[in-house]
Amino acid sequence: MPAYQPLVDQAIKYGIAKGGTEEEQVTNTMDKLFVSFGLEILKKVPGRVSTEVDARLSFDKEEMLRKALKLIALYEEAGISKERVLIKLSSTWEGIQAGKELEEKHGVHCNMTLLFSFAQAVACAEAKVTLISPFVGRILDWYKENTDRKSFEPHEDPGVISVTKIYNYYKKFGYSTVVMGASFRNSGEVKALAGCDLLTISPGLLAELSQDHSAVTAMLSAEKSKTCDLEKIHLDEKAFRWQHNEDRMAVEKLSDGIRKFAADAIKLETMIKEKMLNVKNGQ
């Protein structure tokens with residue numbers, strides 16, 4: 001944390017200066033801090049940065065919209081166009097509909113996270129969000145913890161199978177939403193999804209892959225997807241909730257992910273409150 005202390009200090013000063021109740025000051029501080037981190041990342045990368053909406057808003061569409069637009073406004077105040085930002089939202093029904101409205105009405109690009117079920121992926125495609133982040137490794141984790149299988153070859157990996165199906169569905173039916181596989185547990189998963197639109201890979205796995213000089217075959221392609229055995233479906237809210245509910249793994253991992261993200265937010269809030277009090281007391 002010491003390396004980022006100046007960003008924290010600046011955010012706290014901003015939050016205090018904005019005034020309001022303690023809760024409002026903390027909220028403004030956290031929003032400013034998240035954008036400040038994003039600005040630092042954008043100094044190093046040519047593309048987009050993702051900034052996440054508080055997971056505690058995952059079931060409140062209107063509050064997610066308000067928070068997303070506030071984050072975008074903070075970026076624009078800092079001279080960064082909304083084109084360089086992805087607003088990260090939980091893939092609940094409410095989150096997906098918030099993403100739909102942000103894209104359609106405000107031209108704000110969205111990254112739908114905590115995506116574990118095919119129903120979530122279909123709803124995101126129909127909402128025409130910019131990007132989804134299906135969690136390959138977390139799906140694998142669940143199957144290892146809840147079944148007798150403790151190891152899977154890459155082509156049998158439940159996370160790989162899930163993302164492959166989503167990718168093929170999107171490409172077969174011409175959806176523009178980008179599939180970005182995430183949360184990898186091993187390099188075999190990465191290579192098994194070679195050809196996917198995007199992959200977000202940890203430094204450790206990147207280092208391992210840099211030492212692997214074997215040929216990599218594209219496992220996924222738009223051309224191959226045309227021959228896959230998938231039928232196009234439409235999901236309204238009722239159908240979405242039912243189909244998602246039928247996937248025990250997805251239900252458990254989505255709720256678990258939201259709880260963990262929310263717990264992290266509470267930890268950060270507690271730290272901000274303590275530091276804010278020190279500043280107000282002249283410490």
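The values are calculated or read from the model by the stated rules, or taken from the named source; none is laboratory data. The shown structure was predicted, so the numbers you read here are calculated from the model rather than taken from an experiment. Heads up, the Cβs are rebuilt from the backbone with ideal geometry, glycines too, and the neighbour counts pull from every protein chain shown. Note: accessible area is taken over every heavy atom of the protein model, side chains too, but ligands, DNA and RNA are not part of it. Shrake-Rupley method; radii C 1.70, N 1.55, O 1.52, S 1.80 Å.
Miscellaneous remarks
- Scoring residue 79 on the criteria (1) under 29 Å from residue 277 (Cβ atoms); (2) more than 23 Å from the chain's Cα centre (by Cα) leaves a single failure, condition (1).
- Residue in the range 100-112 that is within 25 Å of residue 181 (Cα to Cα) and in contact (Cβ under 8 Å) with a residue 60 or more places away in the chain present: yes
- Qualifying residue in the range 167-179 (condition: in contact with a Pro (Cβ under 8 Å, 6 or more places away or on another chain) and more than 30 Å from residue 76 (Cα to Cα)): no
- If the condition is being more than 20 Å from residue 95 (Cα to Cα), of a type outside the set (Ser, Thr, Tyr) and open to solvent by less than 50 Å² (accessible area, probe 1.4 Å), then the range 36-52 contributes 38, 39, 42, 47.
- Some residue of the range 73-88 being at pLDDT 95 or above, farther than 18 Å from residue 264 by Cβ, surrounded by fewer than 18 Cβ atoms within 10 Å (Cβ to Cβ) and basic (Lys, Arg): yes
- Only one of the numbered conditions (1) closer than 20 Å to residue 260 by Cβ; (2) open to solvent by 20 Å² or more (accessible area, probe 1.4 Å); (3) in contact (Cβ under 8 Å) with a residue 40 or more places away in the chain is violated by residue 55, and that is (2).
- Helices (runs of 4 or more DSSP H) contained entirely in the range 131-247, each with at least 2 residues that are open to solvent by 70 Å² or more (accessible area, probe 1.4 Å): 136-146, 158-172, 203-210, 222-225, 237-245
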